[in-house]
Amino acid sequence: MADGSGSSGATSVTIFSDLGASGTEIATEVGRALGFRLLPWEDLCQSAATLYEVEPKIVRQAFDLASLLGPSDAARQRGMAYFQAALLGQLMQGGVVYHGPSSGAGVSHQVRIHVTGDATVRARRHAKQHGLDPRAARKAVKASDSHWRWWSEKLARPVPFDHVVQVDHVEPDQAADQIVELARERRFQPTTYSTQQLQQMELAGRVRAALAALDPTLQVKLDGQTVTVRMVTPRKPSDRVVQQIQRTAEAVDGVEQVKLQLVRDVVGSFIGTGR
Amino acid sequence: MLENLDVLVLDDEPIVGKRLKAVLGKIGCQVETFTDPLRAFDRIAEKQFHIVVTDIVMGEIDGIQVLERVIEKWPQTKVIMITGYAMMAMARRAMERGAFDFIAKPFKPEELRAVVTRAAAELEPRVVKVT
């Protein structure tokens with residue numbers, strides 16, 4: 001049990017850092033100081049791919065830049081379903097510092113951090129760290145900022161950060177100290193309520209991931225161990241599809257009952273394109 | 001069983017106090033129930049309870065005020081917050097003010113018993129006999 005709180009869960013830290021803000025260094029130090037496992041984004045993509053037996057690129061495409069040749073919305077949603085299920089699983093275990101994009105779970109014992117700073121300062125740091133030409137570093141920082149701004153607005157669930165670390169005037173170890181101090185505060189300790197909420201999210205995440213190969217646009221809601229799968233569709237799905245969704249969701253460990261809710265997509269039906 | 005464990009339960013719905021008294025009585029707790037926060041304050045002023053279980057949304061006086069009053073008078077007392085209007089921000093606020101735990105209603109009897117047992121385990125070992 002952590003710091004006299006009543007729940008058996010454990011606090012986690014998620015750090016999203018802008019390019020050149022020394023995010024890796026800070027996350028590593030936070031993990032070391034708190035005795036938490038460090039979980040970089042790349043590792044999480046890999047473990048999500050392994051868990052759901054897909055190519056890592058299927059998971060990573062959830063984070064790809066929008067372009068004509070880029071992945072479709074459905075492909076992104078599929079990748080995100082695998083990624084989010086893996087992340088929620090890690091957060092449920094607790095004692096982890098995740099470093100990368102994604103808003104996480106939004107529970108009270110997850111400390112959400114954004115590490116940022118002035119673009120010029122970050123470009124200088126990025127150039128120094130990777131031996132880059134200053135102009136190339138500035139261009140990389142600008143492109144990265146623009147990409148993640150787009151990604152956060154369009155694809156990420158809008159969960160506000162608990163704290164924004166400005167690295168312009170602090171060294172990475174000082175930034176890490178700020179985060180460590182915050183993570184030890186009582187308000188970020190797990191409660192029975194936040195632990196149960198995270199368990200529900202984790203189960204919903206696993207159901208969504210299990211259904212992602214069938215239809216990544218399916219929405220999943222959980223009430224205890226009863227799962228409601230919401231399908232927005234222009235036409236009534238065949239019995240075979242309905243049964244497949246039902247069977248797949250029921251096969252997820254922890255699920256007791258599955259309800260399917262069909263919602264008519266009037267616009268899709270009218271234009272005849274479907275989804 | 002938790003012997004010699006004094007618990008105060010405060011909830012403006014009488015049925016909740018009645019049920020929780022039965023739930024906690026089964027594990028050996030001595031439970032006093034209140035529906036009026038002011039009367040609970042009077043009792044808290046004269047007696048140290050090991051554990052206080054309080055509702056949060058109760059009209060003029062809310063559970064956070066109860067929590068603060070208890071912690072101020074008896075810092076060793078473990079305060080467990082219960083509410084039917086649970087939100088993450090509320091949970092954080094309660095924990096920040098010193099709550100031991102925060103539970104959303106409705107909850108199963110065994111969930112409350114588990115939290116009370118954990119709270120008792122953190123009290124002075126001589127105070128409560130946990131068997």
Handout entry: Scope the range A:186-215; condition open to solvent by 30 Å² or more (accessible area, probe 1.4 Å) and either out of contact with any Asp or Glu (no Cβ under 7 Å at 6 or more places or on another chain) or more than 10 Å from chain B (Cβ to nearest Cβ) (or both); matching residues
Key = A:Gln196, A:Gln197, A:Gln199, A:Gln200, A:Met201, A:Arg206, A:Arg208, A:Ala210, A:Ala213, A:Leu214, A:Asp215
Practice task
State yes or no: is B:Phe102 within 14 Å of chain A (Cβ to nearest Cβ), touching a helix residue (DSSP H, G or I) at 6+ places or on another chain (Cβ under 9 Å) and in a loop (DSSP other than H, G, I, E, B)?
Solution key: no
Fill in the blank from the handout: When every residue in the range A:160-198 that is part of a loop (DSSP other than H, G, I, E, B) and of a type in the set (D, E, K, R) is compared, the one nearest to A:Gly224 (Cα to Cα) is A:Asp162
Exercise for the section: Could you tell me which numbered condition B:Lys78 fails, if it satisfies all but one of (1) within 14 Å of another protein chain (Cβ to nearest Cβ); (2) open to solvent by less than 50 Å² (accessible area, probe 1.4 Å); (3) over 15 Å from B:Glu122 (Cβ atoms)? Expected result: (3)
Practice task
Test A:Arg206 against the criterion of being touching a helix residue (DSSP H, G or I) at 6+ places or on another chain (Cβ under 7 Å) and assigned to a helix (DSSP H, G or I), and give yes or no.
Solution key: yes
Exercise for the section: Output the number of residues of the range B:48-70 satisfying the condition of being assigned to a loop (DSSP other than H, G, I, E, B), under 12 Å from the mean Cα position of the chain (by Cα) and away from chain A (no Cβ under 12 Å). Expected result: 2
Handout entry: Candidates B:Lys21, B:Lys73, filtered to the one that is open to solvent by 60 Å² or more (accessible area, probe 1.4 Å), touching a residue at least 12 places away in the same chain (Cβ under 8 Å) and under 12 Å from the mean Cα position of the chain (by Cα)
Key = B:Lys21
Problem - For A:Phe161: the one exception among (1) out of contact with any Lys or Arg (no Cβ under 7 Å at 6 or more places or on another chain); (2) more than 13 Å from every other protein chain (Cβ to nearest Cβ); (3) surrounded by fewer than 19 Cβ atoms within 10 Å (Cβ to Cβ) - result: (1)
Practice task
Please work out which residue is nearest to the other protein chains (Cβ to nearest Cβ), limiting yourself to the range B:108-122 and to residues that are within 11 Å of B:Leu20 (Cα to Cα) and surrounded by 15 or more Cβ atoms within 10 Å (Cβ to Cβ).
Solution key: B:Leu112
Problem - Only listed residue being more than 30 Å from B:Glu110 (Cα to Cα), at pLDDT 95 or above, among the β-branched types (Val, Ile, Thr) and touching a Lys or Arg at 6+ places or on another chain (Cβ under 8 Å), chosen from A:Thr28, A:Thr24, A:Thr50, A:Thr14 - result: A:Thr14
Exercise for the section: Output yes when any residue across the range A:261-269 is modelled with pLDDT under 95, surrounded by 19 or more Cβ atoms within 10 Å (Cβ to Cβ) and not in a loop (DSSP other than H, G, I, E, B), and no when none is. Expected result: no
Problem - Criterion (open to solvent by 40 Å² or more (accessible area, probe 1.4 Å) and free of Cβ contacts under 8 Å to residues at least 12 places away in the same chain) met by exactly one of A:Gln225, A:Gln243 - result: A:Gln243
Handout entry: Given (1) touching a residue at least 40 places away in the same chain (Cβ under 8 Å); (2) under 18 Å from A:Ala62 (Cα atoms), number of the condition A:Ala137 does not satisfy
Key = (2)
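The values are calculated or read from the model by the stated rules, or taken from the named source; none is laboratory data. All figures in this text were calculated on a predicted structure; none of them were measured in a lab. Cβ atoms come from the backbone with ideal geometry, glycine included; neighbour counts cover every protein chain shown. Areas reflect the complete protein model, heavy atoms only, side chains present, ligands, DNA and RNA absent. Shrake-Rupley method; radii C 1.70, N 1.55, O 1.52, S 1.80 Å.
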